[in-house]
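The values are calculated or read from the model by the stated rules, or taken from the named source; none is laboratory data. What you are looking at is a predicted structure, and each value in this text was computed from that prediction instead of being measured. All Cβ positions, glycine included, derive from the backbone under ideal geometry; neighbour counts span all protein chains shown.
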Amino acid sequence: MSLVGITLLLVVAAPAQARRKDQVPLTFAGLRSVTTCIPGPIGEGRTSSYHLTWEPATDNLTPSKKIIYNIYQATAAGGENFAQPTYSTAAGVTSFDTPQLPTGKTFYFVVRARDQAGNEDSNTVERDGQNLCV
């Protein structure tokens with residue numbers, strides 16, 4: 001018996017979960033608060049960091065400790081560019097401190113959760129920085 005012309009095809013199937021892409025959006029309430037402390041008169045030439053906080057998102061496949069948060073910053077209400085986050089957090093964190101920003105401007109923020117499959121929630125909860133020191 002000759003094996004010439006016979007091709008053996010071995011197919012190894014991936015687990016069902018690995019074969020389908022996660023398309024289920026995350027559950028996330030959005031940004032809870034944005035605070036800063038700018039004592040004295042607010043004006044040009046000074047800077048301050050903003051502290052953002054939120055509750056953890058949940059997902060059908062990605063554990064909360066592995067969810068990344070994208071932060072969108074704008075200088076006008078509704079002005080966030082959701083095509084590119086201003087900042088992204090490490091996995092699982094539920095707060096973020098911005099770099100120093102000019103105190104003479106108002107900043108607006110939206111935080112969105114992103115799972116390991118790349119799904120990002122679409123919330124539009126926007127908050128501006130609240131100065132706790134005036």
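So, restricting to strands (runs of 3 or more DSSP E) that lie completely within region 72-134, which ones have at least 1 residues that are at negative phi and β-branched (Val, Ile, Thr)? Result: 108-114. Considering every residue within region 66-84, establish whether at least one is under 16 Å from PHE28 (Cα atoms), buried (at least 20 other Cβ atoms within 10 Å of the Cβ), among the hydroxyl-bearing types (Ser, Thr, Tyr) and modelled with pLDDT of 95 or more. Checked against the condition, which is being under 16 Å from PHE28 (Cα atoms), buried (at least 20 other Cβ atoms within 10 Å of the Cβ), among the hydroxyl-bearing types (Ser, Thr, Tyr) and modelled with pLDDT of 95 or more, region 66-84 yields at least one hit. The numbered conditions (1) more than 30 Å from LYS21 (Cβ to Cβ); (2) part of a loop (DSSP other than H, G, I, E, B) are all true for THR53 except (2).
For (1) among the hydroxyl-bearing types (Ser, Thr, Tyr); (2) within 21 Å of ARG32 (Cβ to Cβ); (3) in contact with a Leu (Cβ under 7 Å, 6 or more places away or on another chain); (4) in contact (Cβ under 8 Å) with a residue 60 or more places away in the chain, each residue gets a yes or a no:
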residue	(1), (2), (3), (4)
GLY45	no, no, no, no
ALA57	no, yes, yes, yes
PRO85	no, yes, no, no
PHE96	no, yes, yes, no
GLY104	no, no, no, yes
TYR108	yes, yes, no, no
ARG112	no, yes, no, yes
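If the condition is being closer than 30 Å to LEU61 by Cα, among the β-branched types (Val, Ile, Thr) and modelled with pLDDT under 70, then region 1-48 contributes VAL11, VAL12.
When GLY92, GLY104 are checked against the criterion of being surrounded by fewer than 13 Cβ atoms within 10 Å (Cβ to Cβ), out of contact with any strand residue (DSSP E or B) (no Cβ under 8 Å at 6 or more places or on another chain) and among the small types (Gly, Ala, Ser), a single residue qualifies: GLY104.
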